[in-house]
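Engineer: Quick one: the structure is below, and I'll ask about it shortly.
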Amino acid sequence: MVLELTDKNYTKIIEETETAIFIDFFSPSCGPCQTLMTYMDKINDYGIENNVLVLKCDVSKNPKIAAKYQIQSVPFTCIVNQNKEIKYPDSGLKDIAYYISLISKFNPNKKSFFQKLFNL
């Protein structure tokens, strides 16, 4: 189950989480957002495997967060890295492989080609 990011729990979740965070900003009335919602369980499972927290945020119910991230259209996704920097902000629906590839970039245990080659 994907956790919901709200105006009330924003500070606790974002500031206290030490891993990267994938956020899907959506609106219940948005067709592409509903399609992305069908991907979220798989994205969340992949996030768990890669130590990345996956969240969803309904912008119609959370105007403070929407304003903070300057959301102008949905779906809008981004990664908040360990340094609390926003990475890969993007609007519009993509295929699931795109979202999975974003998460894999932030796996702290992921080894580079050379690390694997030399067993480092």
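Engineer: How much of the pair distance distribution for the chain lies past 23 Å, counting alpha-carbon pairs only, in percent?
Structural biologist: 28
Engineer: Going Cα to Cα from Lys12, which aspartates and glutamates come in below 19 Å? Please leave out same-chain ones fewer than 8 positions away.
Structural biologist: Candidates past the 8-residue exclusion: Glu4, Asp24, Asp58, Glu85.
Engineer: What Kirkwood hydrodynamic radius, in Å, does the stretch 33-91 give when the mean of 1/r is taken over all pairs of distinct Cα atoms and then inverted?
Structural biologist: 12.5
Engineer: Moving on. Using just the helices of the chain, give the 222 nm mean residue ellipticity in deg cm²/dmol: DSSP H runs with n ≥ 4 each add -39,500 (n - 2.57), and the total is spread over all residues, rounded to 500.
Structural biologist: Rounded to the nearest 500, the figure is -11000 deg cm²/dmol.
Every number here is computed from the coordinates shown, using simple stated rules; none is lab data. None of these values were measured; they are calculated from a predicted model.
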